Amino acid sequence: MTFPRHLPRPRILDQDRVPRLRWGIAGPGWIAERFVSALKAHTHQQVVAVQSSDPARARAFAERMGVPRSFGGRDMLADPEVDVVYVATVHNRHLPDALAAIEAGKHVLVEKPLALNAGEGRRLRDAARERGVFLMEAYWADFLPKFDVIRQLLADGALGDVRTVIADHGEWFGPDHRIMRADLAGGPMLDLGTYPVALATGVLGRPDRIVAAGGDMPGGVNGQCSMLLSHSGGAQSVLHTSILGHTPGDATISGTGGMLTVPGRFYTPGPFTLTANDLSTRLVFEEERNHYAQLFHQAVHLASCVGEGRIESPVRSLDDSLLTLEVMDEARRQLDIVFQEEQPTAHKQAGPS
Ligand SMILES: NC(=O)c1ccc[n+]([C@@H]2O[C@H](COP(=O)([O-])OP(=O)(O)OC[C@H]3O[C@@H](n4cnc5c(N)ncnc54)[C@H](OP(=O)(O)O)[C@@H]3O)[C@@H](O)[C@H]2O)c1
């Protein structure tokens, strides 16, 4: 293919052609507030209920965000007027909270990552398939207009053969943040590492080989992790994630035909530049950096899939989510990072799965 002269247009779903689903929120915390705000501002989707392990927290969220019904525990799952549950709890609650919603017959959108590890992710996939409900990881980056354009460019071969992906996401957090807590599966990998790993595996597929280097922090969580991935045909990914401090968060996809650069934070709304290798052409994608306002695209996509009778997304498939987890599992294995739920005693307590 010759180098493109124009960028393709992003394919945005028509709001009027997707069903208005009734959403219930599980885990009324930081991201849930931004998600509900985005849905209310930009979609016809209806947020009708919220649940929390603490009924007062659910009630306060409902009042603050204008959500009609609030529940303590998991009572929301018995509400027949909830079609889909957005699981926005901390990582080690994704499996139990999503499983309960699936078993109640609800469609489920689970915050990233899908689960703590690929084994948990497969349990969720199998449960959703058995129950016939839609399940997707809320990997919102994949649904941004920017990434739709990037996917079209890659599918059209605009970059030629892609040889290299370089991506990083590091962020500083205060000592009280949940990411610092070993008992909440803290460390950068699940919160931040998901983004560079998902980009690399999305572009270059399953790696043949993974080499990881890391370093721990006081308190027992991993502080940073660098990963080298070798893919078929000699392609490589160079990835980094950290909670030791802010890093630029840029991403580069480089091929025999050109280079695509996404300035940090690469996974959020914003610009990118596509440059031909002979430097004859440079195309720039511009997009407002309105960050969490664009959390709504994934919800519209989910509604569209449900309207089409799908139980899995063609954009962020469960295999995509599982591959991300498998890569992170291997990096953690090399660095001896074991979450509490993965300790042998935890398995004994949980019983056979
Ligand atoms: N898409 C994005 O850009 C983005 C950004 C930030 C976070 N996230 C993801 O969203 C999820 C939640 O993150 P967040 O920052 O919103 O979390 P958060 O505000 O700290 O907590 C969310 C919910 O998790 C439960 N929770 C919090 N602390 C807990 C604890 N110590 N023990 C047990 N449960 C606890 C609570 O649910 P109950 O009220 O039911 O107890 C709480 O409402 C994570 O998967 C994270 O990776 C995504």
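Only the coordinates and a few stated rules stand behind these numbers; no lab work does. The structure presented is a predicted model; accordingly, all values stated were derived computationally and were not measured. All Cβ positions, glycine included, derive from the backbone under ideal geometry; neighbour counts span all protein chains shown.
Listed values, structure above:
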read-out: FRET E, pair Ser226, Arg11, Förster distance 22 Å, beta-carbon r, rounded to 0.05; value: 0.05
read-out: Using a Förster distance of 41 Å, the FRET efficiency for Glu130-Glu287 (Cβ separation, nearest 0.05); value: 0.55
read-out: Cα centroid separation - the stretch 63-108 against the stretch 241-284, whole Å; value: 37 Å
read-out: Mean Cα-pair separation over length for the chain, i.e. relative contact order, pairs under 8 Å, 6 or more apart, %; value: 19 percent
read-out: Anchor Lys106: aspartates and glutamates whose Cα lies under 20 Å away (excluding residues fewer than 8 positions away in-chain); value: Asp75, Asp79, Glu81, Asp83, Asp97, Glu120, Asp126, Glu130, Glu137, Glu308, Glu312
read-out: The stretch 57-147, Rg to Rh (Cα coordinates; Rh as Kirkwood inverse mean 1/r); value: 0.99
read-out: Span from the the stretch 187-215 Cα centroid across to the the stretch 153-170 one, whole angstrom; value: 15 Å
read-out: Size descriptor, Kirkwood hydrodynamic radius, that averages inverse alpha-carbon separations across the chain, Å; value: 20.9 Å
read-out: Tilt relative to the chain, helix 194-204 - C-alpha long axis, 0 to 90 degrees, to 10; value: 50 degrees
read-out: On Cα atoms only, tilt of 55-65 relative to the major axis of the chain in degrees; value: 60 degrees
read-out: Rounded tilt (10° steps) of 318-335 against the dominant C-alpha axis of the chain; value: 80 degrees
